[in-house]
Structure formats: C-alpha cells, structure tokens
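Only one structure is covered here, and it is reproduced in the block below.
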Amino acid sequence: MTDLILSAPTPQASATDQVFDAVYRAIVSLDLPPGAKISEVEVAGRFDVSRQPVRDAFFRLSKLGFLAIRPQRATRVTKISERAVRDAAFVRTALETACFRLALDLVTAEQMAELRALLEAQQAAVSRDARAEFHDLDDAFHRRICEIAGHGHAWTLIREQKAHMDRVRFLSLSQDGQLALDEHVHILDAIEAGDAAQTDAWVRKHLGRILTFVSHIREKHGPYFEDEG
C-alpha cells in the first residue's frame, strides 16, 4: 500500500476525519489506484489509531463510492464508473449553475479579491505541475462560490456525488490544468462584470467538459474503469 500522508489536523479533527482525509486524497490522486487493496489493520497501524475510526472512515468512503467493502473479502478501491461520472456531472452542473448565478449578485469586493487570490495560487500550481495541489485549489474555488451564494451545503452534496468524477479530473490535469484555470478566469470575469448569461455559459462549459474527454481517458487507462457493457 502507498505511503498515506496525514495532513496537519485541525484542532477539531477526529481520528476518523484524519484517516478519511488521508485515504480520500490518496484515492483521488491515484496513489491508491482503482482495484488496490487497503487494510484496516495496516491503516490503523500507520496512523497509530484503533481500528474503529479506520472502520468508520472506510464506511464513509464506501458511501462516496470510493471503497468496496465486502464481508470476508479484501476491501478494495473501486474502479471508475463512466456512468457515475456522467451522472455526477449532471447533478453538479444543476447545483453549481444555481449557486454561481446567486453569487453573481451577492459577491463583495473582498470576496472577489479572495477568489482572485485562489486563481493566482492555481496558476502557481499549474506552473509547477502540482496536480494534487491544483485539485484542492480547484475544489476550494467551487466550494467558496457555493458559500458566497449562501448554499455551502450544496458543496457537501456535490462532494458526495463526484467521487468517480474526481479521479477522471485528476487524470486529465497533466494536460488540461491550464485550460481548467483559464475557464475559472472567464467565469470570475463574468461574475465581476455582472453578466449572468456569460457566467452561466462558462460554468456549463467548464463542468461539462469532463463529458468530452471521459471516453478518451478510459481508452488510455482502461484497467482503471469498470466494465459496464
């Protein structure tokens, strides 16, 4: 099993949260690739915790669609479902277009500066080919828009839906990171201009782009995907 890195915990983070975050990141970044085995005992030993928080974290990951837990069989990282990617893109687009539309009317100058700073950090990550960092900053940008819109809970729903989508996104970042960033810039420019039609158009293009390359990603990384007939 890959070396799981435990990020610095917040004061409120439980052992379950810390294990969940570390395994989540390893799966999204494909350090734990689809089909890989993962052991409660080994993870508990790695983080010096009891098996219960690991079991709880594994259960949460299984609910997101990342782990397949079956009695008397090894727990494995799930393969990517192209169908689930397409379903997640539909749900995410519906929720985020609504949030971005609301944010356009509610965003303050201070919040706009915060969003611009996030894009500057994304550019630095792209320049260094720091894909995991860019992925986190990408999520931070979209999550912050939901919060500005007054619907931070929408991001929780989106995160629950997009597990398979995240891994396809990560596989695409080696080639498409700059394109994703450029689209973020267009979205933010449209918000700053108060242009609802352009904001909506760019958000739909940005979130729908995964549908144009998921089949290509599958051709390059066939063993990572489920055989869905």
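Each value in this text was obtained by applying a stated rule to the coordinates, not by laboratory testing. Model, not experiment: these values are computed from the prediction. For neighbour counting, all protein chains shown are included, and Cβ atoms are generated from backbone atoms with ideal geometry for every residue, glycine included.
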Exercise. Roughly how many debye, to the nearest 20, is the charge dipole of the chain about its Cα centre, given +1 on each Lys and Arg Cβ, -1 on each Asp and Glu Cβ, and no other charges?
Worked result: 1000 debye
For this session: Would you kindly derive the ³J(HN,Hα) couplings of region 196-212 from the backbone phi angles with the Karplus curve 6.51 cos²θ - 1.76 cosθ + 1.60 (θ = phi - 60°), listing them in order in whole Hz, with x for Gly and Pro?
Result: 5, 5, 5, 4, 4, 5, 5, 5, 5, 5, 5, 6, x, 4, 4, 6, 7
Exercise. Using r as the Cβ-Cβ distance of K220 and L179, and R0 as 25 Å, what FRET efficiency do you calculate, to the nearest 0.05?
Worked result: 0.90
Exercise. Across every pair of different alpha-carbon atoms, what Kirkwood hydrodynamic radius in Å does the chain reach?
Worked result: 18.6 Å
Exercise. ³J(HN,Hα) across region 20-34 via Karplus (A = 6.51, B = -1.76, C = 1.60, θ = phi - 60°), whole Hz, x for Gly/Pro?
Worked result: 4, 4, 5, 5, 4, 5, 5, 6, 4, 7, 6, 5, 10, x, x
For this session: Between K205 and R76, take the C-beta separation as r, use R0 = 30 Å, and let me know the FRET efficiency to the nearest 0.05.
Result: 0.30
Problem set entry | Assigned charges on the beta-carbon of Lys, Arg, Asp, Glu; region 90-199 dipole about Cα centre (debye) | 380 debye
For this session: Count the lysine pairs in the chain whose Cα atoms lie under 26 Å apart, taking only pairs 8 or more positions apart in sequence or on different chains.
Result: 11
Seminar exercise, completed: Sorted by chain and number, the residues with a modelled amide H under 5 Å from that of A36, at a separation of 5 or more or across chains, are V77
Exercise. Each residue of region 213-227 in turn: what ³J(HN,Hα) in whole Hz from Karplus with 6.51, -1.76, 1.60 and θ = phi - 60°, glycine and Pro shown as x?
Worked result: 10, 4, 5, 5, 4, 5, 4, 7, 10, x, x, 7, 9, 5, 8
Problem set entry | region 135-149 and region 56-118: distance between their alpha carbon centers, rounded to Å | 11 Å
Seminar exercise, completed: Residues whose built amide H sits under 5 Å from the amide H of I80, excluding neighbours closer than 5 in sequence, are F225, E226
Exercise. By how many degrees, 0 to 90 and rounded to 10, does the Cα axis of helix 82-106 deviate from the longest principal axis of the chain?
Worked result: 40 degrees
